[in-house]
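Report on the following structure.
Read-outs: derived from the displayed coordinates by stated rules, not from any lab. As the structure is a prediction and not an experimental result, all values here were calculated from the model. Cβ atoms come from the backbone with ideal geometry, glycine included; neighbour counts cover every protein chain shown.
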Amino acid sequence: MDKLIIVSVYIVVIILAIVVLIIKNVRLKKALTNKINKLERDKNMVLSTPILNELSKAESLVKDDKTKIRFDEWQEKFDSIRNNDIPKVTDMLLEADACIDKRNYKELRPLLADIELKIYKLNEKTNKLLGEIKEITLSEERNRERIVKLKSDYRVIKSEYERDESSYGEVGEAIELQFENIEKRFSEFEVAMEKKDYDEINYIVKGIDEMVEHISYVIKEVPAVLIMCHELIPSKIEDISQIYIEMTRDMYQLDYLNVDYNIAETNKKLNDILDRVKVLNLEDVVFELKTIISYFDSLYNDFDKEKLARTKFEDDMKSFDYKLARTTKIVNGLVSQIKDFKTNYSLSEEDINRIEVISKEVDSIKISYKELKDCNNNHSFPYTKLCKELDYLIIKLSKIDESLDYDVQNIGNMKEDESRAREQLDSINDLIKKAKNRIRLYNIPVIPTNYYVELDDAKEAIREINKELNKKPINIDTLNIRVDTARDLAFKVFNTTNDLLKYVMMAEETIVYGNRYRSVKEQVNVGLMQAEKLFRDGEYKKALEEAMNAIDYCEPEIHKKIMDAFGN
């Protein structure tokens, strides 16, 4: 049973494969047949082109041997297509049909491609032939339409010329002669049309077209060209020449503009342009004239720049004279005092070298500035160039001034620091003196050891200041450190003196205040006795604490009262 099923399935599969193969072959055959039919139609379309009709028209136009030869060539080409090329394609199509019948698809595909290529080439050949024939058959109609259009354009151009004939001046004669030439060519066209000389007709039409286009451009541009040549540019030349003479008289250096040479060359160019315009040769004329006008307009700008540059140069010179004199004075002052500076202060080699370098740079600027003024006095350079050179010197001097500010400030600070150090020394000595005087005013039983240590430190710091001030050269940085140290130690002694005296007074008055309670409580008497002992030993702060603690037995808030009483 299973074997039977397997066999049945196998048979069904084979049948389906055969059916699919048959359908595929049928479709392929149909597609190839359709392709052959399309190629057959394309071949027939080649013959359907209206070449025969156009050849008939061309035959009726044959009037001379030249046209007859061309007609025979066309007829020969058409016969070759009809009797040789078309039959070859027909045979190839029959061969393609045979390949389909034989199912020889392998040879069929390249054959169809070859047929398609040949039909394409035949189409090109027939279209080219048809175009050559139509060039003659349609020549009369096409050229007649073109000539009508050209005559209309010509009449408009001539009318425009006649409306303003005076604007064309000396070129009018050449223009009228060109009008006569164009009209003569129109007459030649009619003669050629009567003779049916189509080659000559095409040549004449092309010539008339170019002549009308050229005369149209001439009529449009010549009035403007003549105005530029006779009025605009000569007027500019005259104006530029006058300005040039006046500015030269005012000592402006304008040689670099080559004005005289360029005016002479412009006049030559204008004569050349007029000669060309008189023979109606306007090639590049408008461009050349606009270039000349642009050049003279640029001269106005150059003149204005020179005038502005002169004003700026003269103003800048006044300002620069002052700045250079001020800088020179400062530099000379520094240079003349540099020996004293080196003696009095510890200047670095870099500081000294910088001042020397600045001095040399200032001398260099002075030389350059003198040369610049000589050039100005001799009028050997234009002001635009002089302005640039002066701007360079101004920038250079400004940079020197910036560097100089640092050096002046640096040296000035050294002097100020020395002066301030001497003033500070007097203040420190005065502060120590005040502290010592205050100690002497009070009959203090014992002066603590730390007071004398602080006092000795302060005196030693003062001696260090005097040492630095007596040195040659003075090291300002070290001096400033010594001053700061001595000032801090002096204030420390002064503050210690104030604290010491404060505790002495507070302890003394507290002990006196506590005597009222000695008989009341024994603890108070014992505490006050201990406070008195500490007071005699110079332990004033401890004596104060001991006295307040003793009084506290009878008067618990004594600490606050005493502190408030002394402002703490």
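Some notes on this structure:
- The GluC sites (Glu not before Pro) of region 272-309 that DSSP puts in a loop, and whose beta carbon has at most 13 other beta carbons within 10 Å, are 283.
- This ranking places 215, 428 by how few other beta-carbon atoms lie within 10 Å of each, fewest first, which gives 215, 428.
- Residue exposure proxy: 535, 320, 186, 287, ordered by other Cβ atoms within 10 angstrom of their Cβ from fewest to most, comes out as 287, 186, 320, 535.
- Each of 331, 453 has some number of other Cβ atoms within 10 Å of its Cβ, and from fewest to most they run 453, 331.
- When the charge dipole of region 139-283 is built from unit charges on Cβ atoms (+1 for Lys and Arg, -1 for Asp and Glu) and taken about the Cα centre, the candidate among 256, 215, 274 whose Cα reaches farthest toward its positive end is 215.
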